[in-house]
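Some notes on the structure that comes next.
Read-outs throughout are calculated quantities, based only on the coordinates presented, and are distinct from any laboratory measurement. This structure is a prediction, so every number in the text was calculated from the model and none was measured. All Cβ positions, even for glycine, are placed from backbone atoms using ideal geometry, and neighbour counts span all protein chains on display.
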Amino acid sequence: MTLSVQKALEARSATNFFDASKTITDEQINELVRLATLAPTAFNLQNWHFVAVKSDSAKQKLLSAAYGQKKVVDASVTFIVCGEIESHKNFDRVAKILVERGGVSEADAEVWKGKVNAVHENNPSIQKAEAFRSASLGSMALMLAAEELGFASGPMSGFDPAAVSAAFDLPETRIPVMLIAVGYEAEGNYAQQPRLDVSEVLDIV
């Protein structure tokens, strides 16, 4: 099944109840993240990281950090979508693929690197803001990818970031931004809820 972006947006809703008897393969998890990482990031920093919580033991750790929300246990997998706040320090690995596969010259890659460092170096507020922006863009892309592949998904902001970091040994530079439960829908979920009229949220100037 191939959905247009419009159809995927109109069809998806936030799922709270999942069929705990069904699983997702590692190959499907990889494909979801591959598609999610096609989302844009400033300077192509790709300042995100995904932790796929799939095993029973990992789900139990996440359950505690997510205030006991059962969907992290019932979903086939729950992604911890993180933002990386010091990604500018690793820009060389991005520059390498830009040159090797992106058609960017070494000289231009060096210019990019200079701009990245000028913006991010010694600027923790920018680092954190960009990390949250990138993780959020990746999260939406992941949910659209899930819809395309026939999975239900539900974003979650109800969790303790410090507890998640501790439970999964995340480095201080890796901030949990969002949880996304992915799997197969069970009964009891709401359909997509009504949205405000566009005229209430849009100004054209």
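General remarks:
- Calculated log₁₀ intensity ratio I(q)/I(0) where the Debye formula runs over C-alpha points of the range 5-188, q = 0.14, 0.16, 0.19 Å⁻¹: -0.79, -0.97, -1.22
- Cα-centred dipole magnitude for the chain, charges only on beta-carbon of K, R (+1) and D, E (-1), debye, nearest 20: 220 debye
- Under-5 Å amide H pairs with V53, H placed in peptide plane, nonlocal only: T78, F79, I80
- Given R0 = 22 Å, the distance between the Cβ atoms of E106 and I126 translates into a calculated FRET efficiency of 0.25.
- Angle in degrees between helix 26-36 and the longest Cα principal axis of the chain, rounded to the nearest 10: 60 degrees
- Efficiency of FRET between R34 and K89 - r from beta-carbon atoms, R0 30 angstrom, step 0.05: 0.75
- R195-N44 FRET efficiency (beta carbon distance; Förster radius 30 Å; 0.05 resolution): 0.40
- Too-long pairs where the Cα-Cα distance tops 19 Å, listed order kept, from K22/K70; K54/K89; K61/K89; K59/K128; K89/K115; K22/K71: K54/K89; K61/K89; K59/K128
- Highest to lowest packing among 21-28, 63-70, 44-51, 108-115, scored as the average C-beta count within 10 Å: 44-51, 63-70, 108-115, 21-28
- Charge-dipole axis of the range 68-205 as Lys and Arg at +1 and Asp and Glu at -1 on Cβ define it, positive-most pick from V81, A186, M140: V81
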